[in-house]
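The values are calculated or read from the model by the stated rules, or taken from the named source; none is laboratory data. Computed from a predicted model, the values in this text were never measured in an experiment. Positions of Cβ are generated from backbone atoms using ideal geometry, with glycine treated the same way; all protein chains shown enter the neighbour counts.
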Amino acid sequence: MKVTNDETGGIYFLDAPGGTGTTFFISLILATIRSQNKIALALASSGIAATLLEGGRTAHSALKLPLNMQSNETPTCNVSKNFAMAKVLQQCKLIVWDECTMAHKKSLEALDRTLKDLRSNNNRFGGAMILLAGDFRQTLPVIPRSTPADELNACLKSSNLWKHVKVLHLSKNMRVELQNDQSGNIFSKQLIDIGNGKFPIDMLTACFCYDYKQVPGAIIKCLWY
Ligand SMILES: Nc1ncnc2c1ncn2[C@@H]1O[C@H](COP(=O)(O)OP(=O)(O)OP(=O)(O)O)[C@@H](O)[C@H]1O
């Protein structure tokens with residue numbers, strides 16, 4: 001909040017696995033900024049994530065991002081200076097982008113170029129503050145007819161902008177914590193281990209080496225009964 005009030009800009013990434021309170025945290029920041037009569041733009045990579053945020057829209061729709069992102073070397077948002085969205089982008093104090101890990105790196109670079117142009121400011125993102133949120137253990141950008149290497153290359157972490165990103169972490173699973181659910185707790189830890197590549201994989205079958213004695217009873221019941 002201090003950074004937004006100082007209006008020094010910057011780009012932050014909230015590394016937040018499912019259930020750790022991303023939506024709660026983002027909603028709180030959006031409400032605080034809007035309560036000061038300032039503009040905070042809420043974007044998300046998917047429609048479902050956008051509906052969870054007050055005034056949320058998909059990044060593709062709000063920023064008019066080109067569809068041929070992969071083949072366009074230097075894409076920009078199709079927002080000209082006399083569009084209403086251009087005024088919003090010029091005046092907004094904060095742009096939040098939830099589930100950004102699914103976005104193509106060129107989407108973020110297009111936003112950077114457009115903000116510099118619209119705000120007539122050559123600082124990164126035209127001096128606006130950007131808050132990205134998501135979890136790289138989940139789905140990465142989907143590139144049709146591509147290899148895993150193409151997907152990694154399209155990922156935000158491969159962008160030149162990534163070295164300027166300050167990473168923040170949310171680690172406590174609030175959903176499990178609030179429900180006091182022991183099996184949910186084990187399951188959420190196992191999901192994180194899989195995402196971090198810590199779960200052993202059988203090289204012959206390419207399946208997880210699973211000790212079924214460790215699978216919480218509630219999950220077995222839910223899956224097989
Ligand atoms: N700081 C907090 N204090 C109290 N409750 C919280 C806090 N953070 C999150 N919660 C609650 O925990 C639950 C999960 O939070 P939330 O939906 O924001 O997580 P999420 O990371 O967006 O989850 P997902 O990615 O799976 O959608 C919600 O019921 C939310 O109200």
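Computed quantities for the displayed model
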item	result
Residue in segment 163-186 that is in a helix (DSSP H, G or I), β-branched (Val, Ile, Thr) and surrounded by fewer than 18 Cβ atoms within 10 Å (Cβ to Cβ) present	yes
Residue match in segment 23-34 (condition: small (Gly, Ala, Ser) and touching a residue at least 12 places away in the same chain (Cβ under 8 Å))	yes
Residue pairs meeting the criteria (Cβ under 7 Å; at least 6 apart or on separate chains; first in contact (Cβ under 8 Å) with a residue 12 or more places away in the chain, in segment 106-117; second assigned to a helix (DSSP H, G or I) and of a type in the set (D, E, K, R))	Asp112/Arg124
Matching residues, segment 18-60, being within 16 Å of the ligand (Cβ to nearest atom), outside any loop (DSSP other than H, G, I, E, B) and aliphatic (A, V, I, L, M)	Ile26, Leu28, Ile29, Leu30, Ala31, Ala42, Leu43, Ala44, Ile48, Ala49, Ala50
Segment 7-45, residues that are crowded, with 18+ Cβ neighbours inside 10 Å and of a type in the set (D, E, K, R)	Asp15
Candidates Val142, Val165, filtered to the one that is in contact (Cβ under 8 Å) with a residue 24 or more places away in the chain, closer than 16 Å to Leu14 by Cα, away from the ligand (no atom under 16 Å from the Cβ) and not basic (Lys, Arg)	Val165
Condition broken by Met1, with the remaining ones in (1) outside the structural domain of Asn153 (by the TED database); (2) over 21 Å from Arg124 (Cβ atoms); (3) not β-branched (Val, Ile, Thr) satisfied	(2)
Residue list for segment 60-86, restricted to those being of a type in the set (A, V, I, L, M) and either within 20 Å of Asn160 (Cα to Cα) or loosely packed, with under 15 Cβ neighbours inside 10 Å (or both)	Leu65, Leu67, Met69, Ala84
Among (1) touching a residue at least 40 places away in the same chain (Cβ under 8 Å); (2) outside the structural domain of Glu109 (by the TED database) - the single one Ser46 does not satisfy	(2)
Filter result (among the polar types (S, T, N, Q) and out of contact with any helix residue (DSSP H, G or I) (no Cβ under 9 Å at 6 or more places or on another chain)) within segment 64-110	Asn68, Ser71, Asn82, Gln91
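So that you can scan it fast, the table gives a plain yes or no per residue for (1) in a helix (DSSP H, G or I); (2) surrounded by 24 or more Cβ atoms within 10 Å (Cβ to Cβ):
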position	(1), (2)
Val88	yes, no
Trp97	no, yes
Thr101	yes, no
Asp112	yes, no
Asp117	yes, no
Ser120	no, no
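Residue-by-condition table, conditions (1) outside the structural domain of Leu89 (by the TED database); (2) at pLDDT 85 or above; (3) farther than 17 Å from Asp98 by Cα:
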{"position": "Phe136", "(1), (2), (3)": "no, yes, no"}
{"position": "Glu151", "(1), (2), (3)": "no, yes, yes"}
{"position": "Ala154", "(1), (2), (3)": "no, yes, yes"}
{"position": "Lys166", "(1), (2), (3)": "no, yes, no"}
{"position": "Gly184", "(1), (2), (3)": "yes, yes, yes"}
{"position": "Phe199", "(1), (2), (3)": "yes, no, yes"}
{"position": "Met203", "(1), (2), (3)": "yes, no, yes"}
{"position": "Lys213", "(1), (2), (3)": "yes, no, yes"}
